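Beneath this line is the structure, given in structure tokens, with notes to follow.
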Amino acid sequence: MQCEAENNHVLVVVRAQMMHPEPTMKRAGGPTNAVDRLSALPDELLHVILSFLPAPLVVQTSLLSRRWRRLWRSTPLIKIHEQEFVISSKIRTNTLEERWAKFEDFATNLLLFHDNTSALGEFRLCCRVHNWRHVDRWIRRGIEYCPSVLQIRLVGYVLGFKLPPMVESNFCCLKRLHLEHIILNSHFTGSLCSACPVLEDMNLDCCEFCDNCPQGIISPKLNKLVMDLCLNNTLYPLVITAPSLTYLYISFQYFRVGILLCKMDSLVKAEISVSETEISEETQRNLLGSLCNVTSLELTGFEAEVMLNDNSKEFPVFHNLQTLVLRSCFLNEYELTDKLEALGSFLQNAPCLEKFSLQYCMFYSFSDSDWEIERKNITLPRHDGKILHCQKLKLIEVIYDHDHDHQLIELVWSLGRRLPDANIKLNKIDRFHP
């Protein structure tokens, strides 16, 4: 908090100096010029200060004094954002054309006149593709600075925009990569390992893997991977090989033949969401089998069929799992007893599990349904399921929003009978109105 307050104070000083760039005027009978202590700071610290300012304001600092005239050209951060020119899809066409022209001129000159004598720390671009040629040119120019952080976010609905070819010399310093609404072809996946030898963090949002040929993400140093609502329309599964990966987040949008995870021995935490997607049961089982080393696991949208196994030896053993979160799982039409059997198959294979959270699972709930009729009498089913021996499991958290038809009571009663050594905590949270 103190650091943030100090940064805000410095920004106020910079803005104030920009309003009066050359403090050379004297008051009648007053003292001589005020001392400009801000300009006396070293370039490295001034670059940090400039990184908190919008790009147009960074360039305007060249008006402060000779000390600041060329400072903006050597900043280690280049960020180009259309919001700084108030561009949106809601404005009129004529106004949009005018603002885009100004934005285009600024972005082009910012990249053209930036000093390229040293590698760039970060390059960030966030805009809609109003002009394909210029956006492609900005990306190519930004990549040429060999950034260690590359963020390209294309706003709105984008059709068919591909990332420029990956030249190894331009990506040799890249540690963090964030792409949004980008088409990723076989050249991208094929060059990722060799072109990005030090890549540690990759975030792909709403990206699409194209080219009907085998593709894979192979990265020896990758530590964190996020794939949010990506698509794979090819006839081949996407193979992810990342032996150093410790965190994995995958939210499926559409993967025709799924994803294969290889060499995940270092994985600590995984979050997998398959809700409202056409992911086969076999793919879901394969995913679970690839995650058996994690200590924290969060699953969304998984069904009971995936975990129902007549032979328990077929289900993977999660030797290190300590925290398990199931969100919107087991919502199929199986009876509660069958769903609990599937859940039991999982818990029996997690000997180190300490905390288990069920969030909006086992049954649908409708808060404003006219046709849903609540029972006035509660009839608990006879308990004939086996007691689960989870020695380290101490807490079961059940998060729900509504309990129609007394289904929650049946669920809690059944869990208590099967897991008598664990405490059960109920938490009512409206998922649609946080």
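The values are calculated or read from the model by the stated rules, or taken from the named source; none is laboratory data. Quick caveat, the model's predicted, so the values are computed rather than measured. As a convention, Cβ positions derive from the backbone with ideal geometry for all residues, glycine included, and neighbour counts pool all protein chains shown. In case anyone asks, the SASA skips ligands and DNA or RNA and just uses the protein heavy atoms, side chains included. Shrake-Rupley method; radii C 1.70, N 1.55, O 1.52, S 1.80 Å.
Might you let me know whether segment 208-223 holds any residue that is open to solvent by less than 50 Å² (accessible area, probe 1.4 Å), aromatic (F, W, Y) and not in a helix (DSSP H, G or I)?
First, the residues of segment 208-223 that are open to solvent by less than 50 Å² (accessible area, probe 1.4 Å): 209-210, 213, 215-217, 219, 222.
Filter once more, keeping what is aromatic (F, W, Y): 209.
Next cut, not in a helix (DSSP H, G or I) only: 209.
Yes, segment 208-223 contains at least one residue that is open to solvent by less than 50 Å² (accessible area, probe 1.4 Å), aromatic (F, W, Y) and not in a helix (DSSP H, G or I).
From I182, I139, grab the single residue that is under 18 Å from the mean Cα position of the chain (by Cα) and not polar (S, T, N, Q). Steps first, answer last, please.
Working: I139 fails: under 18 Å from the mean Cα position of the chain (by Cα).
None of the other options fit; the residue is I182.
The single residue among I152, I87, I78 that is more than 30 Å from C172 (Cβ to Cβ) and either of a type outside the set (S, T, N, Q) or in contact with a strand residue (DSSP E or B) (Cβ under 6 Å, 6 or more places away or on another chain) (or both) turns out to be I87.
Scanning segment 149-184 for residues being in a loop (DSSP other than H, G, I, E, B) and either within 14 Å of R128 (Cα to Cα) or modelled with pLDDT of 85 or more (or both) gives a total of 14.
So in segment 58-89, with the set limited to residues that are in a loop (DSSP other than H, G, I, E, B) and either touching a His at 6+ places or on another chain (Cβ under 6 Å) or not β-branched (V, I, T) (or both), which one is modelled with the lowest pLDDT? Walk me through it before giving the result.
Filtering segment 58-89 for residues in a loop (DSSP other than H, G, I, E, B) gives 64-65, 69-70, 75-76, 86-89.
Right, trim to either touching a His at 6+ places or on another chain (Cβ under 6 Å) or not β-branched (V, I, T) (or both) and you get 64-65, 69-70, 75-76, 88-89.
Numbers: L64: 82, S65: 81, R69: 83, R70: 82, T75: 88, P76: 89, S88: 71, S89: 66.
Result: S89.
Any residue in segment 120-135 that is modelled with pLDDT of 85 or more, in contact with a Ser or Thr (Cβ under 8 Å, 6 or more places away or on another chain) and at positive phi? No, there is no match, as no residue in segment 120-135 is modelled with pLDDT of 85 or more, in contact with a Ser or Thr (Cβ under 8 Å, 6 or more places away or on another chain) and at positive phi.
Taken over segment 116-139, the criterion of being open to solvent by 50 Å² or more (accessible area, probe 1.4 Å) and closer than 23 Å to S51 by Cβ is satisfied by N116, T117, S118, A119, R124. For segment 265-286, the candidate set comprises residues that are under 19 Å from the mean Cα position of the chain (by Cα) and of a type in the set (A, V, I, L, M, F, W, C); within that set, the residue that is farthest from C352 (Cα to Cα) is V274.
Going by what's in this entry, would V226 be described as within 14 Å of the chain's Cα centre (by Cα) and part of a strand (DSSP E or B)? Even if it seems obvious, please write down each step before you answer.
On the way: within 14 Å of the chain's Cα centre (by Cα): yes; part of a strand (DSSP E or B): yes.
Here the answer is yes, as V226 does meet what is asked.
Residues in segment 143-163 that are closer than 15 Å to I87 by Cβ and open to solvent by less than 20 Å² (accessible area, probe 1.4 Å): L154 alone.
Taking segment 176-186, which residues are surrounded by fewer than 19 Cβ atoms within 10 Å (Cβ to Cβ), under 20 Å from F123 (Cβ atoms) and either in contact with a His (Cβ under 9 Å, 6 or more places away or on another chain) or not β-branched (V, I, T) (or both)? Scanning segment 176-186 gives R176, H178, E180.
Of the strands (runs of 3 or more DSSP E) lying entirely inside segment 343-434, those containing at least 1 residues that are surrounded by 15 or more Cβ atoms within 10 Å (Cβ to Cβ), among the aromatic types (F, W, Y) and modelled with pLDDT of 80 or more span 355-359, 395-400.
Does segment 314-328 hold any residues that are in a loop (DSSP other than H, G, I, E, B) and either farther than 17 Å from A304 by Cα or β-branched (V, I, T) (or both), and which are they?
Our first condition is that a residue be in a loop (DSSP other than H, G, I, E, B); within segment 314-328, this holds for 315-322, 328.
Result: V317, F318, H319, N320, L321, Q322.
Counting the residues of segment 90-114 that are open to solvent by less than 50 Å² (accessible area, probe 1.4 Å) and at pLDDT below 85 gives 4.
Residues that are over 18 Å from D401 (Cβ atoms) and modelled with pLDDT of 90 or more were ranked within segment 323-342; the one that is most open to solvent (accessible area, probe 1.4 Å) is T323. In the list L260, L199, L238, which residue meets the criterion of being closer than 30 Å to L321 by Cα, open to solvent by 30 Å² or more (accessible area, probe 1.4 Å) and in contact with a Ser or Thr (Cβ under 9 Å, 6 or more places away or on another chain)? From the options L260, L199, L238, the qualifying one is L260.
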